[in-house]
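Student: Before anything else, here's the structure in question.
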There are 2 protein chains.
Amino acid sequence: MVGNDSSAWSQDETIRILIASDIHLGYLEEHPVRGEDSFIAFEETLSLAVQYDVDLVLLGGDLFHHAKPSLNCIYKCTEIVRKYCFGDKPVSIELLSDQTVNFSRSVNYEDPNLNVSYPILSIHGNHDDPVGREGISSLDILSTGGLVNYFGKWTDYTHVRISPVLLQKGATKLALYGLSHLKDQRLSRLFQEKKVEMLRDEEHDWFNILVLHQNRAEDRGAGNFIKEDELPKFLDLVVWGHEHDCELFDMKGSSEKNHFNVIQPGSTVATSLAAGEARPKHCALLQIHKTDFILTAVPLKTVRPFIFKTVVLSEHNLGDENVNESEKVQDFLKEKVNEAIVEAKSLLSGDPRQPTMPLIRISVFYEREDQIFNRARFGQNFSGIVANSNDILLLKRERKIRERRQGQGDEINVADYVADSTNVETLLQSYYEAMPPERRLAALPVQLMTEAVRDYTLKQNEDILRHVLEAHRRRCITTLLESNTDTEIEAIADRLRVLRDEIDSADITQLAALKAPPVSEQIVVEGSSDEEVQVEMEVTGRGRGRGSRGGRGSRARGSRARGRGREEAAPPASPVVAPTERRSTPRRSAAQRSATWIHNLASKAHRRDSSDIDDSE
Amino acid sequence: MVGNDSSAWSQDETIRILIASDIHLGYLEEHPVRGEDSFIAFEETLSLAVQYDVDLVLLGGDLFHHAKPSLNCIYKCTEIVRKYCFGDKPVSIELLSDQTVNFSRSVNYEDPNLNVSYPILSIHGNHDDPVGREGISSLDILSTGGLVNYFGKWTDYTHVRISPVLLQKGATKLALYGLSHLKDQRLSRLFQEKKVEMLRDEEHDWFNILVLHQNRAEDRGAGNFIKEDELPKFLDLVVWGHEHDCELFDMKGSSEKNHFNVIQPGSTVATSLAAGEARPKHCALLQIHKTDFILTAVPLKTVRPFIFKTVVLSEHNLGDENVNESEKVQDFLKEKVNEAIVEAKSLLSGDPRQPTMPLIRISVFYEREDQIFNRARFGQNFSGIVANSNDILLLKRERKIRERRQGQGDEINVADYVADSTNVETLLQSYYEAMPPERRLAALPVQLMTEAVRDYTLKQNEDILRHVLEAHRRRCITTLLESNTDTEIEAIADRLRVLRDEIDSADITQLAALKAPPVSEQIVVEGSSDEEVQVEMEVTGRGRGRGSRGGRGSRARGSRARGRGREEAAPPASPVVAPTERRSTPRRSAAQRSATWIHNLASKAHRRDSSDIDDSE
């Protein structure tokens, strides 16, 4: 694996690919300060494609933040693509496979009416997947406009069969397997059941790449992520989208080995103020020569500086007198923010396109109610100085976390599960499991409920709960009637009555609980967008430093060390996670999820057609 | 003007233009039967451009029905444009003027990265004008994607200054003046004040065309349409968008005359079930050779057949017995519908792309309440046979109209004004004028209110009323304070109090009246869309047969004669309007406008940024 030297490779036989993912165009586009961030990073990404003179650009999904992007967002995206990807430079990779099999329409660089010099190939993610009766994705718009080559769309949840895009440049042959986002639990089950098929030509030496957009982190809940060891061994590289933490390591290798490497580009814009998003952001340059490759992490220079810190108040001496505790805490935290502002200056790349006003997030553990204060008023001190001045602080009660560990009787408080869960799937799972048997859902599968709630929140589909519950009720009744022909009528009727009551109350009581978490559990809604929720977790310095889930809730292992500048640290040679300020306290996971936003979202406009909701098992 | 013969013209010096307007892509796109209509007509239009091998396609605005088209709509539009307008055929007209002055970006057929063979030039209409903080129109999306050349955008309401697109083909020189939609009242005033300027090069012989998208019909209310005689005399042709009735006559002419001809292409899809929309629909082929031109109306063959009839029940013998009057009426009307269905078959062009299930509208005048019935149930008889089966009938009470003419005391009933008005402007004007002086609006200009209500309805801007009233209140107070420095403080305070009360109550009482018309005034909401309202008017057979206003309410003079087929009638040699079935009754205008839809619309998603609302006088 050592010794690959691209200078010895014939350029005519070396495929050069710029890889990026999770660009989230349109994220916070109405924000007065941060509105341009996603577009600036996208423009830098494509400018790097030109600078490195690549053969193609490969995107790992979530090019758009919203399933229905605004006109302004489509407009800006189009402008940027036309500026960088069109031109006279010939594309020197040959497409060998059937375009109609892989792509939504014929490839733009082979279109005689378009002059494309840097073709973009993209799968869709969970944010830009197809919507509406016709199942049109924002990528379809770009595809039909000749701007992007959209591949890897798959809608059948009974099996997956991926036919690769076959590309050739001289003696180098690349088989590119694309799989756009599918629901993690469904896809995970298909992998377990060996129902994911990747077509192969075993006669020739292909360099095999899979690009997908799924949960990778293992703690997303059982069956809710894709296990690496279930992916086929013949792959040489896997490009993993969806996870927002950048995990890229310069590496050299060849396909003469037993297992693949994973490229996780991460997002190009922070869509949550979690520790993982504060890690330096990159694209990747992949060079392939026959069956050897060289991967180079390319730091992005236009990303807004972001400093993340954790502060445990009990570990600090805030002053002798106990009067006006809240004032003391505020003064202390102002100092911390000012330190972070100074620190953020070390992250400036000198690129004139880079926004300079930093993002600052201080995660604060407090002990007593008299220590808290109005966060918005606190933020006013940093208006015009910090880009997210209105939500710099995330306040968490330390004592409460300890108490919960010791158990507090039988009362089930959904807020406890909110605090402990990294995502809506584990939240519902643990919530239902904790219920006394007589209150557990008997007829309604937790998974069904989970998917419904996720679609309700992520896709702003107001009707989904009603649809799912109604469909499930019909199915239950049908099953009961069919399978119990010998049972007495009265028994069936009794069961139906129970089922009906259960289902009728399910959508009200469960959601009501979600909608009204106690005030003491902090609800954090990011920036001016009500579409983003932050979930955050501190763990030990061990682990792989992976796992932010942008857009819907982020989780990250390890936070950036204080004073560690981006230039000196990027790109990391190995996945080292620096120690945090919070060393002496027991390291506990602490997560929050806002639930009121579920309701806020419901009142939003972007309805989603429910026809693509498959509620069958 | 006679004797122009294109066969004698050199093709190298003849500019050929296909002209169409009001294509309204996405109109009723979710409708199970009519969803494709707008796209089919657009595709036919562009196929005609190829068939006639034109130099360019000129569109008169409202290419899209919605200011924020769905992804599916943009997708289909893009597919169609790429299918017909891209290719190797060279474009042989030369652009002489500065592209950056006229167009939103450089012209697609001069872009070295695009192969365009049939360039589309378009202004925007009132349906596809810019939205949002950034003022991005759906045409900007197409423009930046290289699909359409968007020109004539103007946002300054203090003056208009149009610089023409200068095109040349051999000795033929074309100056094309584009003016995208502006609010009619504002633009009309600018014309009166001589503040509309069209730049000219008087040294050379240019053939001068103006394309605009405004009210043309004179009965839209004072100052609410553009007067032809205020347009500059140097123009040779005016292409008039926005009016949905097709008014095209084959003609030959030259620019050596005193006044211009007007080309009114009309819409390519019926967006209301008004008589005017039932007229045969066309594009126009314009050939220009030096200063001579030939205009040819080209019938569209893919437009869904539409039969419009008026029935006055008192003129028909429905049977002797007076029992079960409602049944007799229904049987009679079923017969009428069946006649119309037969008649619609004569409108089939034989083109396989043409939808065959017809649109039928019977406008029924009844006398007594016992004659009415459930329209939806009536429509079920024609489900699967008539495309608009759920709203075939429009029921109007004949007696009521007569009574209203004789006056009924002092009580002001907004419904009367709804019934008599062709649009929201005249409705509000006459409503306010009819009020007793003590209830009239003193401080709030009717025009301000009118524009606010129009934006509220058409652009689905929920906040507009609040914004306008608030801005006006501020202005009133400022003016009062500034102008009355010598007046006693108490007098000012009194006036302010009155103003405040007036304004505070204005948005509630006026709108409340609009929202609740009496049930006996029929409210017609077209098809499955709640975005369209029908306003309809019968007048004498005189007049120019002009004036449908698609999308927001349509009005038409004259209805299609019974049994008059499209093939034999199209295109009309002169604007003859056939007599209707309703000959013996006094000819009165009768119009309806649904007002409840105002509320329905308010709950819709498409919010419009209010920043473009200029509430100054």
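Student: Hey, with R₀ at 35 Å, roughly what FRET efficiency would residue A:466 and residue B:326 work out to, going by the Cβ-Cβ distance, to 0.05? It would help to have the intermediate numbers written out before the result.
Tutor: On the way: r = 37 Å, r/R0 = 1.07.
Step by step, r from the Cβ atoms, then E = 0.40.
Student: Give a residue-ordered list of calculated ³J(HN,Hα) values for the range A:142-150 (Karplus: 6.51 cos²θ - 1.76 cosθ + 1.60, θ = phi - 60°; whole Hz; x for Gly, Pro).
Tutor: Karplus values, whole Hz, x for Gly and Pro: 5, 5, 5, x, x, 9, 9, 9, 9.
Student: Mind running the shape call on the range B:143-182? Use the C-alpha gyration tensor, a ≥ b ≥ c as the square roots of the eigenvalues: rounded below 1.5 for a/c, prolate if a/b tops b/c, oblate otherwise.
Tutor: Oblate shape, in that a/c is at least 1.5 and b/c is the bigger or equal ratio.
Student: Mind checking the full-extension length gain between residue B:376 and residue B:315? Use 0.36 nm per residue of separation minus the Cα-Cα distance, one decimal, nm.
Tutor: Gain on extension, residue B:376 to residue B:315, equals 19.5 nm.
Student: If neighbour count is taken as other Cβ atoms inside 10 Å, put B:202, A:44, A:343, B:193 in order from fewest to most. Display every interim value, and only then the final one.
Tutor: Working: B:202 7, A:44 23, A:343 19, B:193 10.
Exposure proxy ranking, most exposed first: B:202, B:193, A:343, A:44.
Student: Specify whether the C-alpha gyration tensor of the range B:6-299 places it in the rounded, prolate or oblate class, a ≥ b ≥ c being the square roots of the eigenvalues: rounded for a/c under 1.5, otherwise prolate if a/b is larger than b/c and oblate if not. Walk me through the numbers before you get to the answer.
Tutor: Details: a/c = 1.28, a/b = 1.07, b/c = 1.19.
Because its axes are fairly even, with a/c under 1.5, the range B:6-299 counts as rounded.
Student: Would you grab the residues whose amide H sits under 5 Å from the one on residue A:105? Only those 5+ places off in sequence or on another chain, please, with H modelled 1.01 Å from N.
Tutor: Amide H to amide H, under 5 Å and 5 or more residues apart or across chains, residue A:105 pairs with A:150.
Student: In this model, which of A:68/B:89; B:194/B:252; B:281/B:345 are farther than 25 Å apart at the alpha-carbon?
Tutor: Among A:68/B:89; B:194/B:252; B:281/B:345, the Cα-Cα distance tops 25 Å for A:68/B:89; B:194/B:252.
Student: Moving to a separate point now. How far apart, in nm, are the 7 Å Cα→Cβ label points at residue B:158 and residue B:194?
Tutor: Those two pseudo-labels are separated by 2.0 nm.
Student: Starting from the Cα of residue B:229, step 7 Å along the direction of its Cβ; do the same at residue A:356; then give the gap between the two resulting points in nm.
Tutor: Distance between the two pseudo-spin positions: 6.3 nm.
Student: Between the range B:63-85 and the range A:111-160, what is the separation of their alpha carbon centroids in Å?
Tutor: With the range B:63-85 and the range A:111-160 each reduced to a Cα centre, they are spaced 16 Å.
Student: What is the calculated FRET efficiency for residue A:30 to residue A:110, with r their C-beta to C-beta distance and R₀ = 25 Å, to the nearest 0.05?
Tutor: Result of the calculation: an efficiency of 0.05.
Student: In nm², what is the average projected area of the convex hull enclosing the Cα atoms of the range A:89-199?
Tutor: With the hull built on Cα positions only, its mean projection is 7.9 nm².
Student: Quick check on the range B:185-313: take the gyration tensor over C-alpha atoms, sort the square-rooted eigenvalues as a ≥ b ≥ c, and tell me if it's rounded (a/c under 1.5), prolate or oblate. Walk me through the numbers on the way to the answer.
Tutor: Working: a/c = 2.85, a/b = 1.38, b/c = 2.06.
Verdict is oblate for the range B:185-313.
Student: Would you be so kind as to identify which of B:159, B:212, B:81 lies farthest towards the positive end of the dipole of the range B:6-299, taking Lys and Arg as +1 and Asp and Glu as -1 on Cβ and the Cα centre as origin?
Tutor: B:159
Student: What number comes out for the charge environment of residue A:15, summing +1 per Lys or Arg and -1 per Asp or Glu over other residues with Cβ under 13 Å away? Before the final figure, lay out each step's value.
Tutor: Details: positive: A:16, A:169, A:173, A:290; negative: A:12, A:13, A:53, A:55, A:94, A:236, A:292.
Spelling it out: positives minus negatives among the neighbours equals -3.
Student: So in the range B:6-299, what percent of DSSP beta bridges are antiparallel if you round to the nearest 5?
Tutor: 50 percent
Student: Okay, moving on. Determine by what factor the alpha-carbon radius of gyration of the range A:245-332 differs from 2.2 N^0.38 Å, reporting the quotient.
Tutor: Cα-based Rg divided by the globular estimate yields 1.79.
Student: Something else now. Grab the other residues whose beta carbon is less than 9 angstrom from that of residue B:4, score K and R as +1, D and E as -1, and report the net.
Tutor: Taking every Cβ under 9 Å from that of residue B:4, the sum is -1.
Student: Binned at 10 Å from 0, what are the whole-percent values of the Cα-Cα distance distribution for the range B:1-159, short to long?
Tutor: Per 10 Å bin, starting at 0, the Cα pair percentages come out as 10, 38, 33, 15, 4, 0.
Student: Let me ask something else. How do A:155, B:14, A:45 rank when sorted from fewest to most other Cβ atoms within 10 Å of their own Cβ?
Tutor: In increasing order of surrounding Cβ atoms, one gets A:155, B:14, A:45.
Student: Let me ask something else. Between the range A:189-229 and the range A:276-305, what's the alpha-carbon centroid distance in Å?
Tutor: Using only Cα atoms to place each centre, the spacing works out to 22 Å.
Student: Taking the Cα centre of the range A:6-299 as the origin, how large is its charge dipole in debye, to the nearest 20, when only Lys and Arg (+1) and Asp and Glu (-1) carry charge on their Cβ atoms?
Tutor: It works out to roughly 360 debye.
Student: While we're on this one: Between residue B:11 and residue B:339, what FRET efficiency follows from the Cβ-Cβ distance if R0 is 51 Å, with the result rounded to 0.05?
Tutor: Efficiency, rounded to the nearest 0.05: 0.60.
Student: Can you list residues whose amide H is under 5 Å from residue A:311's amide H, if they're 5+ apart or on another chain and H is modeled 1.01 Å from N?
Tutor: Answer set, sorted by chain and number: A:363, A:364, A:365.
Bear in mind that the values in this text are calculations on the coordinates, not laboratory data. Not measured: the values here are computed from a predicted model. Reconstructed Cβ throughout: ideal geometry from the backbone, glycine too, with neighbour counts over all protein chains shown.
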